[in-house]
1. Which of the residues belonging to the stretch 54-79 are more than 12 Å from ILE2 (Cβ to Cβ) and in a strand (DSSP E or B)?
2. Could you check, for the stretch 33-51, whether at least one of its residues is of a type outside the set (Ser, Thr, Tyr), in contact with a Leu (Cβ under 6 Å, 6 or more places away or on another chain) and open to solvent by 10 Å² or more (accessible area, probe 1.4 Å)?
3. Mind checking whether some residue in the stretch 92-110 is open to solvent by 30 Å² or more (accessible area, probe 1.4 Å), more than 16 Å from VAL64 (Cα to Cα), assigned to a loop (DSSP other than H, G, I, E, B) and in contact with a Gly (Cβ under 6 Å, 6 or more places away or on another chain)?
4. Six or more apart or on different chains, Cβ under 6 Å: which pairs go from a residue in the stretch 79-102 that's at positive phi to one that's surrounded by fewer than 18 Cβ atoms within 10 Å (Cβ to Cβ) and part of a loop (DSSP other than H, G, I, E, B)? Could you list them?
5. Condition check: at pLDDT 95 or above and either of a type in the set (Asp, Glu) or farther than 18 Å from ASN8 by Cβ (or both). Does GLU256 satisfy that?
6. Residues in the stretch 52-77 that are surrounded by fewer than 18 Cβ atoms within 10 Å (Cβ to Cβ) and acidic (Asp, Glu): how many?
7. Do the conditions hold for PRO132, that is, is it at pLDDT 95 or above, within 29 Å of LYS201 (Cβ to Cβ) and open to solvent by 40 Å² or more (accessible area, probe 1.4 Å)?
8. Sort out which residues of the stretch 165-208 are farther than 19 Å from PRO115 by Cα, in contact with a Gly (Cβ under 9 Å, 6 or more places away or on another chain) and among the charged types (D, E, K, R), and write them in order of number.
Amino acid sequence: MISCLSPNGTTSVEGTSLPVRLVVGTLEGVVTAERQGEEWEVAAHGLNDHHIASVHYEPARARVYVCTYAGGIFASDDGGITWEEIGLGLGDRMPFTIASRAVGEQVRLYLGTEPVALFTSADDGHSWSELPAITQVPGREQWTFPAPPHAAHLKSITFDPTDDHAFYVSVEQGGLFYTADDGEHFAELEGVAQDDDAVYKDVHRVVIDPANRDRLFITGGDGLCVSEDRGESWRRVHGRSWTIGYPDAMVVDPREPAHMYFAGGAYGPGAWRRTGSADAHVARSRDGGQTWEIADSGLPDPLRGNIEAMSISSCPDGSSLYLGTTDGEVYESRDGADSWQLALKGLGPVSKGGHYAGLQQR
């Protein structure tokens, strides 16, 4: 089993034991680390001139995929040591997130891009065909993004584990959309927009509660929200005034679905450029998201770089959480965020797009 860490990639893997390999997507390529006893050591550093947008582990093929903001898609069959460029048919779209699901014996890959588009591949990513329905939904002319060229992107894809044909896509900024027919048609879950939102439909990702498939969480520019009716209506759990005002990363422990984690900066990217600090934090719930507490023990105080990626690996005996920051550091917790240890440092920034630029060391 291989664990991955990137802003828009795989966030959860399960196996018979905890992974001994971690593949991290950075501004300066892909770093592959191996566990040596209690420590992590870098085993390979590839694609050094590429800013990695997404790292995805596909367990059926034991294959690792990455997509880059420059437009490249690469695959590794040796756990992130060597890479082969793949992918045809994307035009001038910039890859943003890559995901997969197994349906019977077939593995389908999905790719979200900027400007917003959705592609799928049935041949391990060598060729791609567009699913145009997401670009045809009403209101798409209002999609935007603060930074030039102000083009929205399809940031994350979340599969419905109860239906092989259904999944959600998060558009930043544009909303949350659901398909029940493999992307042939999409419907917007309009209740995600609330009267007191500070920004327009800024949806980063949706997470499904494993214990209750009707229960969804979203992170975004207006905080953390929850739905109890599969996205028809939403209520805000924590907004911009809470300790984590700009959350992105969120994971659930597959072994203990009541254990949930989310992370991000105290403020959004606009404030980072003024202060040079994200003042980032991790929050934890042990009751299925009913209550939350800050779980920062072992992290720097303040954590200057933003937490741009979080993932969890689990096995019958335990789980490991990983954080990646714009300062090029990786932190690990093996006790459910009771404590954190520095696992890797000196990497390139782990950063969604240009987020790292406002947080460079001064």
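The values are calculated or read from the model by the stated rules, or taken from the named source; none is laboratory data. Predicted model, so just to flag it, every value in this text is computed and none were measured. All Cβ positions, glycine included, derive from the backbone under ideal geometry; neighbour counts span all protein chains shown. Protein only, heavy atoms only, side chains kept; ligands, DNA and RNA dropped before computing areas. Shrake-Rupley method; radii C 1.70, N 1.55, O 1.52, S 1.80 Å.
1. SER54, VAL66, CYS67, THR68, ILE73, PHE74, ALA75, listed by residue number.
2. yes
3. There is no residue in the stretch 92-110 that is open to solvent by 30 Å² or more (accessible area, probe 1.4 Å), more than 16 Å from VAL64 (Cα to Cα), assigned to a loop (DSSP other than H, G, I, E, B) and in contact with a Gly (Cβ under 6 Å, 6 or more places away or on another chain).
4. Short answer, once both residue conditions are applied: GLY89/SER127.
5. When the stated conditions are applied, GLU256 does not pass them.
6. So the count comes out to 1.
7. Spelling it out, PRO132 is indeed at pLDDT 95 or above, within 29 Å of LYS201 (Cβ to Cβ) and open to solvent by 40 Å² or more (accessible area, probe 1.4 Å).
8. GLU190, ASP196, ASP197
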